[in-house]
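Read the structure below first, then the notes.
The values are calculated or read from the model by the stated rules, or taken from the named source; none is laboratory data. This structure is a prediction, so every number in the text was calculated from the model and none was measured. Here the Cβ positions follow ideal geometry from the backbone for every residue, glycine too, while neighbour counts run over all protein chains shown.
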Amino acid sequence: MTRRFRAVAVQPQWHVDDFTTPAAFGRWMQGQLALARPQLAPDRPNLVVLTELNGLPLLLLGGVRAQTFEGAARELVLRHWPAVLRLMLTERVSAIRAVQLHLSRLTVPLYLSVCRNLALSHGVYLCAGSLPLPRYRLDGRGRIRRVPGVLTNASVIFGPDGRLIGVTDKVHLTPPEQRGGLDFTPGRLDELRVFPTPVGDLGVAISLDAFRADVRGRLQAQGCTVLLQPDANGSAWTADEGLPPDPSCIRPQPLAWLESSWQATTSGQFRSTVNPMVVGNLLDLTFDGQSAITGQLDEGGEARSYVMTGPRGGFLALLPWVAEGSDEALREAGRRRAAGSGDPLENRYRTGVLAADLDLPPSAAPAPEPTEHEQALRAWLSGRAGWPA
């Protein structure tokens, strides 16, 4: 039987104040589902996809005085120094990874419980974005244990019954996510899996992973029909970029973005993709982009595309950027909104929600066996195991 469902992408804006208390974080996340609610279909399943690293700023719980991310990291390390030093010595990790591992005892259960409850209360399949996530396992007594030293950028999917469907780690890390930055553990390509659901055979390629042939090929080989690309693009949308594996390939970011979601569907690899992007200046960091839902090249009706690129088919839904005009005018608009610009337009971005109705053939992808990590998280979410201290 053909599967008909609605895909929804939410483009939110984040502010430091949204992460200083558990209640504020809950309100921010609930606000995104409230934005999505008018777009939900009452007569078919709904898939809602949120943005990359929307759990990272939970490190700011309790607030910080620093005005830069680097300064906030130093402040957090000093605030939690005894625990950070112990983890650095026992697990052989950097100070920034140690402080994230230490705070995960608070941030991870908060994030998982909020996202589980959102999926349950709104009755949606929810790709909850991503967060810095340690790896867990159940010991012989059914207690959750954290695997020493591991911290990935991980995306979590919940079903409308609140059940954890699966977890996916980001394989290809950007320079700010590597050692010297956030210091995440790279995910393993051979651990990427596809999750069959009524809203598609879902594969997750977090941000840069959606650009990479090895990730896309791995998911395609397992029968992925709907590719999810949670994103947090850490610069002005109209700036130039050059990322590994070829940092010398400098081009405008919107042009580069055509090499991810849009290319993945218009090339025929996947039936559709959902790519929500967060916007806003967080401390001294700038995040911007245009969220999109893409399909086949002959779909989408009127030709359109990202700013600074020519119109084309394949966009089922695309959130307009905040300005129009020549490339130079667009670059200036991006600079004026970026963190630290001092311009009246600083931190003035566009938020919104996109939706598209999709039809898919019956699923052909087998359900993957849950990993030890997923089994441990399910045990905690169901109340069968306590959270590690």
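What to note about this one:
- Evaluated against (1) free of Cβ contacts under 8 Å to residues at least 40 places away in the same chain; (2) surrounded by fewer than 24 Cβ atoms within 10 Å (Cβ to Cβ); (3) hydroxyl-bearing (S, T, Y), T294 falls short on exactly one condition, (2).
- The condition of being closer than 25 Å to G295 by Cβ and of a type in the set (S, T, N, Q) does not hold for T371.
- Filtered by the rule that a residue be in contact with a Lys or Arg (Cβ under 8 Å, 6 or more places away or on another chain) and either exposed (fewer than 15 other Cβ atoms within 10 Å of the Cβ) or not basic (K, R) (or both), the stretch 298-330 gives A303, S305, P311, F315, L318, L319, P320, W321, V322.
- Residue match in the stretch 308-325 (condition: in contact with a strand residue (DSSP E or B) (Cβ under 6 Å, 6 or more places away or on another chain) and free of Cβ contacts under 8 Å to residues at least 24 places away in the same chain): yes
- Filtering the stretch 165-193 to residues that are of a type in the set (K, R) and under 28 Å from A365 (Cβ atoms) leaves K170, R188, R193.
- Among all residues of the stretch 221-241, there is at least one that is among the hydroxyl-bearing types (S, T, Y), touching a residue at least 24 places away in the same chain (Cβ under 8 Å) and surrounded by fewer than 22 Cβ atoms within 10 Å (Cβ to Cβ).
Each row is one residue, and each column tells you yes or no for (1) basic (K, R); (2) under 15 Å from N275 (Cα atoms); (3) under 25 Å from the mean Cα position of the chain (by Cα).
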| position | (1), (2), (3) |
| --- | --- |
| P320 | no, yes, yes |
| G325 | no, no, no |
| A339 | no, no, yes |
| N347 | no, no, yes |
| G352 | no, yes, yes |
| L360 | no, no, yes |
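- Which numbered condition V274 misses (of (1) over 21 Å from the mean Cα position of the chain (by Cα); (2) modelled with pLDDT of 95 or more; (3) aliphatic (A, V, I, L, M)): (1)
- The condition of being more than 25 Å from L35 (Cα to Cα) and modelled with pLDDT of 95 or more holds for only one of L330, L345, L354, that being L330.
- Of the residues making up the stretch 299-336, those that are of a type in the set (D, E) and in contact with a Ser or Thr (Cβ under 9 Å, 6 or more places away or on another chain) are E299, D327, E332.
- Only one entry of Q253, Q263 meets the criterion of being surrounded by fewer than 21 Cβ atoms within 10 Å (Cβ to Cβ) and under 30 Å from E328 (Cβ atoms), and that entry is Q263.
- Checked across the stretch 44-61, the condition of being over 29 Å from V204 (Cα atoms) and either of a type in the set (A, V, I, L, M) or within 24 Å of the chain's Cα centre (by Cα) (or both) holds for no residue.
- Listing of strands (runs of 3 or more DSSP E) fully contained in the stretch 275-388 that carry 3 or more residues being at positive phi: none
- Considering only residues in the stretch 266-287 that are of a type in the set (S, T, N, Q) and surrounded by 22 or more Cβ atoms within 10 Å (Cβ to Cβ), the one that is nearest to A329 (Cα to Cα) turns out to be T286.
- Test: T20 is within 22 Å of F287 (Cβ to Cβ) and either of a type in the set (D, E) or surrounded by fewer than 17 Cβ atoms within 10 Å (Cβ to Cβ) (or both): no
- Within the option set A36, A9, A66, A98, being small (G, A, S), within 21 Å of P186 (Cα to Cα) and either buried (at least 21 other Cβ atoms within 10 Å of the Cβ) or at pLDDT below 95 (or both) holds for one residue only, A98.
- Residue count, the stretch 78-125 (criterion: under 26 Å from I157 (Cα atoms) and not in a helix (DSSP H, G or I)): 3
- Qualifying positions in the stretch 326-339 - basic (K, R) and without any contact (Cβ under 8 Å) to a residue 40 or more places away in the chain: R336
- Residue match in the stretch 156-177 (condition: surrounded by fewer than 16 Cβ atoms within 10 Å (Cβ to Cβ) and aliphatic (A, V, I, L, M)): no
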